[in-house]
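Notes follow the structure.
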Amino acid sequence: MTESPEELRVRGNSFFSEGNYLEAVKSYQECVKRSNGDESCQQIAYRNLAQCFLKLCNYDEAIKAASEALKIMPFDTKALYRRSVAYEKIGDLKESIADAQKLIQLEPNNKAVKDLIHHVESCVVLKRELAFSLKGKISSMFSILVDEKSPVDLIETALRNLIALIKEEDKTASNEVWLHPSSNKIFDLINHLNNQIADLALLLLENIVKTVPSLSVTIFDKMTLKYIIGRVMSPSADMSTCMCKFLSHLLESLTQIRAYQKARNTAVELAKRNKSLAQSLLPKEVYPPYKLEAELEGPVAKILEQVLRSTNSYRLGAVARDILLQLLTWIIPSETGIGWTERIVTAEGNLERILEVAAATCPKTLMVSAEQSRVAGVASVKPRHKHLLKEASMGEGLPEISRGGVLKTSANTRMLVACLLSRLFNDLRSDQDRQRFSQTCGEFVMELLTDKFIESKVEAAAVIGTLFSGPYEVGSRVLATEGVLEGLLLLSQSENLAYQTIALDTIILATNKKDKCMDIINQAVPILRTLYKSPDDGVKVRALLGLCKLGVLGGGDASIKSMADGSTVILMKACRRLLLGKSASGKPETGVSSDATSMRWAIDGLAYLSLNGEVKEALIKDEALLIAVYKVAELGYYDTAFPLVSLLANLTNSFVEKEITPEMLELAKFAKQHIPEKHEADEPKVVTQRRQKMIDVGLATCLHNLTTKLVTKTSAAQPQVREVVSRIYLSCTECVDRRGLLVSAGAGKALLNLSLEDNTDEGKHVASQALAKLTITADPRLTFPGERSLEVIRPLLQLLDMECPALQNFEGLLALTNLASLDHKHRCRILQEGALPKVEHYMFEDHEELRRAAVECFSNLAQHPAVVVACGGELSAETAGTVACGSSGSEVVKLLTLYCYDEKDIFLVRAAAGALATMSHDPGILRKITQVDKWKEKMEVLAAHPSPTIQHRVVFLLRNLIVCGGSKIARDIVDSRLVELIDYLQHLPDISDTEVLPPEAIVLGQGRPKAAVREDAKADRKKTRDIASAAMRKLVEYGFIKQTQPTSPLFALFMFMKAFLAEATEPPCNVPSVLPP
């Protein structure tokens, strides 16, 4: 017999009660089929089906069933409830909360409904927090990466977002990315067909390696060395460059050398500050030497081996080669790296590979002709090349090296190779190793010189030039070898223009040190004179540069003239023509020469010639030439850094001149020694005008470009070069009216860099002094926007070192005074850097201006509660803050009190009175003031001072002595003549516009407009009167005086002076003060 729909529903309910949900589903589905259009029966059956599916965790079917029930009865609360629950389970919180909101409207008092909507809302909040959390962001990015259907632009965005997260969250984000289940997808993406995605994936791994060094070995093992070197040799320049940068960061993380260097430098700096230790200690004596962990030696050795094999590969791009050379320059030497110089240099073939890169730095056209002449095949390959071919073929993962192409080099490659060779040679400790180094270089050069191809001789000249740019001692030894110099001189007389050029380059580089190369100069002079007549500007300027070196043998000594008058100016014009990109005919081609080599030699020639006063004046009048010189700094050629800096230093007279005392002058005359003469163009007035003209034309921007592009974290960033840049900046800041141009061109940021990083000690002090000059004459908040004004404090404190000249001490104190006047944050930073003991040291100085500057600085610092406590104040720890600063305590208060009595220096009196007034709110400070011998007499003299500014400060101090010092100190004041002076001060009339100001007020306001000085005096007078009245009212409160009718201020002054001059014969009585009713 067929069951009715009602019977099926009841049977379904029975199955549901027993927990048999599958049978219940069948019964309800059958009930729906047999309902014959009975909507009431269908509604109940669908509703029950939804509940069964919820129990079976089949949420999609539950939603369908509940939706069918709601089609029949839209306000079915049970169906709404069950569908809301199902939506929540599948994560569709928007639909779930919509159903829950309908439920709460239908049954607002139903507890189950309230619990549901609360649960759903909590899920929404959690989901939102997860979406905005680091883990959620990373998961959403990986969901894009693992989706095969994701478009390329979306994958790029996801990778960039992951990189940005790592840069923001640092180690936390890196760990989250690495521990994500889909992190292996990154290694798939580095092989993506789209180069942009592959580079971004590699950049992501690079950031992970930088932030979590412990993952370096794992990442290296997964990528494999063969893959890394293959990418380094990629024909895509971007891909190759990206992998070279990754390799650099991978080595840094594996070796942890940067962290070690930072720790060692900190230890060395602390050792220098410790005066009890000998200052000649080497860094290794104050910090243990670097030692690479044994398990990391293998991977690091393999990487460096392959990097060295890659340096002279013809498949490597110029930019990638430069990056690898820079990597070797800092990773190998012990000064900056792991100290494997001996291991690397003694290994067979390594030094030869570097020298082969040096050989390739000659002009590209020359190399092409060389390769064309070697088209004969293997027979033309020299034994040296065959040896490298054999070694290269044995290297795993490294493509075979062949002479079938030209080594790609940039304009900076020679400088990078020279820097690498110099670092390696200087890092060798034993004479035997240095001898072997020089011998290898000599054999390499001789092998090239004895080759039958003329192009090999040119390569030999390029190698010698590189050696002279780097390890000069090695270059000198090679050049001293029999036949080498003669070969260069013969090459310079060749008819081939390119051969002449490279030979001249080498000869010029070899004549850098006069005392070591007089033989070279003597033999080269006739040839240089001949080549100077060449119609080619390139050859001519090289010959000219050699002649320039001879033309300025006397340096800045005007009495020594190695050439006829006007010759140096003619040579300057030849350099000018080459630098401005003009041909021999004088026809302009470009604004600045596009030939980097010609540009370098032109700047070199100008640098030597600029030692001559005539050249300085001629060059400064040529605005087009000045602009071209400034333009060189923008181009970023590393080998132009030193000559460009030297040129600018000569023009601005930035080098330190040795002071010749009259005694030394007389002694030189007696001994018949030569006495240098100064050129009229080097007189102070002329030099100042020259500096002003150079700044107006654009020197400020040039210096900023020079600092940021050439001498910051590049191979040209030598401390000595940075010191010269610092000196040029200092010379420019001496032009007070041009400091605004310097600031607008970024001098603040550049000088901060020069004063803190990679500079000599003298260079840091000079840069700090330039910073001080910029801080003194302008609002530091404008000169150093943002938080940069806080960064200036540390360099300025370097100037307070006792080893620095008095002028640097003075300007450092003035700059700190300005910064301390800004706000509490700056005062905190100054104290945190340990400035207070240094400032106090100069408060005891005998030098009048130093002493005054220190007291003024202390006066501004005294606004900080920690200074008050350090000087003996009684403020609570909460009020004083957490800043710790040392002080001599009561001695400072006593010193300031004594300075208030100084009759010679009115500025010192103002500063000392201001400092005491600032700290006088503290009872401890007030007691220390009263402990000074004859303090009341000193305060009487100070209160009678005619300057309104000083009157204001002293009456403020007296008011605090009365108000904060307690009744005992107030009683002492009443028993003295001070009460009469306070009474006098409270009756002082206003200063009128026609009244003649006291001379002291005019002196204190010097340098300011007269109107401003008068307005300040008026304001001080009003404040003085108000404060004095408040002090007298407090004495009335104490009951020490009583209020009477006002009297004339002149009468009060008369009474005081009468009492002051008369000799007291009896104890003073309590004279009632005159206080307004």
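Report yes if some residue within segment 72-88 is in contact with a Cys (Cβ under 8 Å, 6 or more places away or on another chain) and either surrounded by 21 or more Cβ atoms within 10 Å (Cβ to Cβ) or more than 26 Å from His118 (Cα to Cα) (or both); otherwise report no. Show your work before the answer.
Filtering segment 72-88 down to residues in contact with a Cys (Cβ under 8 Å, 6 or more places away or on another chain) leaves 88.
Filter again for either surrounded by 21 or more Cβ atoms within 10 Å (Cβ to Cβ) or more than 26 Å from His118 (Cα to Cα) (or both), leaving 88.
Yes, the conditions are met somewhere in segment 72-88.
Checked against the criteria, Lys135 does not count as exposed (fewer than 11 other Cβ atoms within 10 Å of the Cβ), part of a helix (DSSP H, G or I) and at pLDDT 75 or above. Among the conditions (1) surrounded by fewer than 18 Cβ atoms within 10 Å (Cβ to Cβ); (2) part of a helix (DSSP H, G or I), Cys57 misses just one, which is (2).
Among the residues of segment 696-715, count how many are surrounded by fewer than 24 Cβ atoms within 10 Å (Cβ to Cβ) and either within 30 Å of Ile323 (Cβ to Cβ) or among the β-branched types (Val, Ile, Thr) (or both). Outline the logic, then answer.
First, pick out the residues of segment 696-715 that are surrounded by fewer than 24 Cβ atoms within 10 Å (Cβ to Cβ): 696-698, 701, 704-705, 708-709, 712-715.
Add one more test, that the residue is either within 30 Å of Ile323 (Cβ to Cβ) or among the β-branched types (Val, Ile, Thr) (or both), and what stays is 697, 701, 704-705, 708-709, 712-715.
Result for segment 696-715: 10.
Residue count for segment 15-51 under the criterion of being of a type in the set (Gly, Ala, Ser) and either at pLDDT 85 or above or surrounded by 14 or more Cβ atoms within 10 Å (Cβ to Cβ) (or both): the result is 5. Determine the pairs where a residue that is in contact (Cβ under 8 Å) with a residue 60 or more places away in the chain and closer than 12 Å to Ala358 by Cβ, located within segment 467-485, has a partner that is of a type in the set (S, T, N, Q) and crowded, with 19+ Cβ neighbours inside 10 Å with Cβ atoms under 6 Å apart, the partner being 6 or more residues away or on another chain. Close Cβ pairs satisfying both conditions: none exist. Scanning segment 937-959 for residues that are of a type in the set (Val, Ile, Thr) and over 18 Å from Phe907 (Cβ atoms) yields one hit, Val955. Within segment 886-894, the presence of at least one residue that is crowded, with 23+ Cβ neighbours inside 10 Å and either modelled with pLDDT of 90 or more or in a helix (DSSP H, G or I) (or both) is confirmed.
Going residue by residue through segment 995-1010, is there one that turns out to be part of a helix (DSSP H, G or I) and closer than 21 Å to Ala1030 by Cα? Taking every residue of segment 995-1010 in turn, none turns out to be part of a helix (DSSP H, G or I) and closer than 21 Å to Ala1030 by Cα.
Could you grab me the full set of residues in segment 939-949 that are of a type outside the set (A, V, I, L, M) and either outside the structural domain of Ala1031 (by TED's automatic domain parsing) or buried (at least 18 other Cβ atoms within 10 Å of the Cβ) (or both)?
Scanning segment 939-949 gives Glu940, His945, Ser947, Pro948, Thr949.
In this entry, Leu751 is excluded by the filter for residues that are crowded, with 19+ Cβ neighbours inside 10 Å and over 29 Å from His847 (Cα atoms).
His952: surrounded by 14 or more Cβ atoms within 10 Å (Cβ to Cβ), assigned to a loop (DSSP other than H, G, I, E, B) and either assigned by TED's automatic domain parsing to the domain that holds Arg1021 or of a type in the set (Lys, Arg) (or both), yes or no? In short, no.
Just one of the listed residues (Asp557, Asp519, Asp515) is modelled with pLDDT under 65 and farther than 27 Å from Glu614 by Cβ, namely Asp519.
Taking Asn109 as the residue in question, decide whether it is under 21 Å from Asn20 (Cα atoms) and free of Cβ contacts under 8 Å to residues at least 12 places away in the same chain. Walk me through it before giving the result.
Values: under 21 Å from Asn20 (Cα atoms): no; free of Cβ contacts under 8 Å to residues at least 12 places away in the same chain: yes.
So Asn109 does not fit the description; no.
In summary, Pro333 fulfils each of the numbered conditions (1) surrounded by fewer than 22 Cβ atoms within 10 Å (Cβ to Cβ); (2) not in a helix (DSSP H, G or I) with the single exception of condition (1).
Among the residues of segment 255-276, are any within 27 Å of Ser140 (Cβ to Cβ) and not polar (S, T, N, Q)? Write out each step before concluding.
In the first step, residues of segment 255-276 are kept if they are within 27 Å of Ser140 (Cβ to Cβ); the result is none.
Within segment 255-276 (the criterion being within 27 Å of Ser140 (Cβ to Cβ) and not polar (S, T, N, Q)), the answer is no, since none of the residues qualifies.
For the condition β-branched (Val, Ile, Thr), part of a helix (DSSP H, G or I) and in contact (Cβ under 8 Å) with a residue 60 or more places away in the chain, Val724 qualifies. Residue pairs whose Cβ atoms lie under 7 Å apart, sitting 6 or more positions apart in sequence or on different chains, and linking a residue in segment 843-863 that is more than 14 Å from Leu807 (Cβ to Cβ) to a partner that is crowded, with 24+ Cβ neighbours inside 10 Å and aromatic (Phe, Trp, Tyr), are Met843/Phe858. The set of residues from segment 615-643 being assigned to a helix (DSSP H, G or I), surrounded by fewer than 22 Cβ atoms within 10 Å (Cβ to Cβ) and among the acidic types (Asp, Glu) comprises Glu617, Glu623, Glu634.
May I ask you to verify whether Glu342 is more than 23 Å from Val484 (Cβ to Cβ) and modelled with pLDDT of 90 or more? Yes: the conditions hold for Glu342. Note on segment 769-805: residues that are more than 15 Å from the chain's Cα centre (by Cα) and acidic (Asp, Glu) total 3.
From the list Glu23, Glu88, Glu95, the one residue that fits, being within 28 Å of Val120 (Cβ to Cβ), without any contact (Cβ under 8 Å) to a residue 24 or more places away in the chain and part of a helix (DSSP H, G or I), is Glu95.
The values are calculated or read from the model by the stated rules, or taken from the named source; none is laboratory data. In this text, all values refer to a predicted model and were calculated from it rather than measured experimentally. Note: ideal-geometry Cβ built from the backbone for every residue, glycine included; neighbour counts use all protein chains shown.
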